[in-house]
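Let me begin by presenting the structure, written as structure tokens, before commenting on it.
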Amino acid sequence: MKKIVIYALTTCLWCKKTKKFFEDKKLPFESVDYDKQDEAKQAEIMKEMKGQGCTGSFPFTRIGDSCVQGYDPNEFEKLLEKK
Amino acid sequence: MTFEPRKRALRYLFEPLIDSLGYKFTPLEEDADFLLEQEAALEAETGVPYCPCQARTRDRAENMRIVCPCIPFHREHYDAMKRCWCGLFVHKDVTDPDKLKQIPEAVFYADKSR
């Protein structure tokens, strides 16, 4: 099973909806709330996101080796099915 | 601490600004209420109603680009989505915001430059 990691903000509506998407599918995921992390961890997360060509907009979801910025259920489904 | 008064004030302050930009509050009341609540809380914490779905950095100039309503700083991008990133505002002609997709900024500008 692919590892799923969600970088989120506790204030973000679409981060809540993204977590609910995977909860409803009973898929385990790791969730990291960016705004609750210390400065070093925030810099690490932002470096990873920008390294993937993304800006500081959330949610940022990593499914296996692929990543999705924003709430995009179709793209989540595609990546979950991708071999 | 209740944010209701400040949420009403933010609605009152934002209405004419977004109206002039061709936007309105999302008709999804539950989403609007949640987002305004987050903004009022962010404002109480930082003094500024930042976008609840974008990260602040240590760069003040970059942070100014996500002060709500941040539409003017992302005009082309948001017009392409017919909504702002957090979804608090949608184009005036939008009736079903759930059909609108979030297009990552990098994807939008990559598509635009093709």
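The values are calculated or read from the model by the stated rules, or taken from the named source; none is laboratory data. Predicted model, so just to flag it, every value in this text is computed and none were measured. Note that each Cβ is placed from the backbone with ideal geometry, even for glycine, and that neighbours are counted across all protein chains shown.
Only one of B:ALA110, B:ALA41 is in a helix (DSSP H, G or I), more than 14 Å from the chain's Cα centre (by Cα) and either within 22 Å of B:ALA9 (Cβ to Cβ) or in contact (Cβ under 8 Å) with a residue 40 or more places away in the chain (or both). Can you tell me which?
Details: B:ALA110 fails: either within 22 Å of B:ALA9 (Cβ to Cβ) or in contact (Cβ under 8 Å) with a residue 40 or more places away in the chain (or both).
Criteria check complete, one pass: B:ALA41.
From the list A:LYS41, A:LYS36, A:LYS19, exactly one residue is surrounded by 15 or more Cβ atoms within 10 Å (Cβ to Cβ), closer than 27 Å to B:GLU43 by Cβ and of a type outside the set (Gly, Ala, Ser). Which is it?
Values: A:LYS41 fails: surrounded by 15 or more Cβ atoms within 10 Å (Cβ to Cβ); A:LYS36 fails: surrounded by 15 or more Cβ atoms within 10 Å (Cβ to Cβ).
It is A:LYS19.
Filter the stretch B:44-59 down to the residues that are of a type in the set (Gly, Ala, Ser) and not in a helix (DSSP H, G or I), then identify the one that is farthest from the other protein chains (Cβ to nearest Cβ). Talk me through it step by step, then tell me what you get.
Within the stretch B:44-59, the subset of a type in the set (Gly, Ala, Ser) is B:44, B:47, B:55.
Narrowing the set further to residues that are not in a helix (DSSP H, G or I) leaves B:47, B:55.
Working: B:GLY47: 15, B:ALA55: 4 Å.
Only one residue fits best here, namely B:GLY47.
Any residue that is closer than 28 Å to B:ALA110 by Cβ, hydroxyl-bearing (Ser, Thr, Tyr) and at pLDDT below 95 - is there at least one of those in the stretch A:8-28?
No, the stretch A:8-28 contains no residue that is closer than 28 Å to B:ALA110 by Cβ, hydroxyl-bearing (Ser, Thr, Tyr) and at pLDDT below 95.
Which residue pairs have Cβ atoms under 6 Å apart, sit 6 or more places apart or on different chains, and have a first residue in the stretch B:62-76 that is without any contact (Cβ under 8 Å) to a residue 12 or more places away in the chain and a second that is surrounded by 15 or more Cβ atoms within 10 Å (Cβ to Cβ) and among the basic types (Lys, Arg)?
B:PHE73/B:ARG65
Quick check on the stretch A:45-72: of everything there that is more than 8 Å from chain B (Cβ to nearest Cβ) and part of a helix (DSSP H, G or I), which residue is nearest to B:TYR109 (Cα to Cα)?
A:LYS50
Considering every residue within the stretch B:1-10, establish whether at least one is away from every other protein chain (no Cβ under 14 Å), under 14 Å from the mean Cα position of the chain (by Cα) and either free of Cβ contacts under 8 Å to residues at least 12 places away in the same chain or in a loop (DSSP other than H, G, I, E, B) (or both).
For the stretch B:1-10, residues away from every other protein chain (no Cβ under 14 Å), under 14 Å from the mean Cα position of the chain (by Cα) and either free of Cβ contacts under 8 Å to residues at least 12 places away in the same chain or in a loop (DSSP other than H, G, I, E, B) (or both): absent.
Any idea which of (1) surrounded by 19 or more Cβ atoms within 10 Å (Cβ to Cβ); (2) more than 22 Å from B:ARG83 (Cβ to Cβ); (3) at the interface with chain B (Cβ under 9 Å from one of its Cβ atoms) is the one A:LEU9 doesn't satisfy?
The failed condition is (2).
In the stretch B:14-26, is there at least one residue being crowded, with 20+ Cβ neighbours inside 10 Å and within 14 Å of chain A (Cβ to nearest Cβ)?
Yes, the stretch B:14-26 has at least one match.
When residues of the stretch A:1-44 are filtered for being over 11 Å from the mean Cα position of the chain (by Cα), under 17 Å from B:ALA55 (Cβ atoms) and not in a helix (DSSP H, G or I), how many remain?
5
Pull up the stretch B:90-100, narrow it to residues that are within 13 Å of chain A (Cβ to nearest Cβ) and in contact with a strand residue (DSSP E or B) (Cβ under 9 Å, 6 or more places away or on another chain), then point me to the one that is surrounded by the most Cβ atoms within 10 Å (Cβ to Cβ). Can you show your working first?
If we filter the stretch B:90-100 for residues that are within 13 Å of chain A (Cβ to nearest Cβ), which is where we start, we get B:97-100.
Checking which are in contact with a strand residue (DSSP E or B) (Cβ under 9 Å, 6 or more places away or on another chain) leaves us with B:97, B:100.
Working: B:PRO97: 17, B:LEU100: 15.
Out of the qualifying residues, it is B:PRO97.
With the condition kept exactly as written, say whether any residue in the stretch B:60-75 is of a type in the set (Gly, Ala, Ser) and within 13 Å of another protein chain (Cβ to nearest Cβ). Quick ask: steps written out before the conclusion?
Narrowing the stretch B:60-75 to residues of a type in the set (Gly, Ala, Ser): B:61.
This time we only want the ones that are within 13 Å of another protein chain (Cβ to nearest Cβ), so: none.
No.
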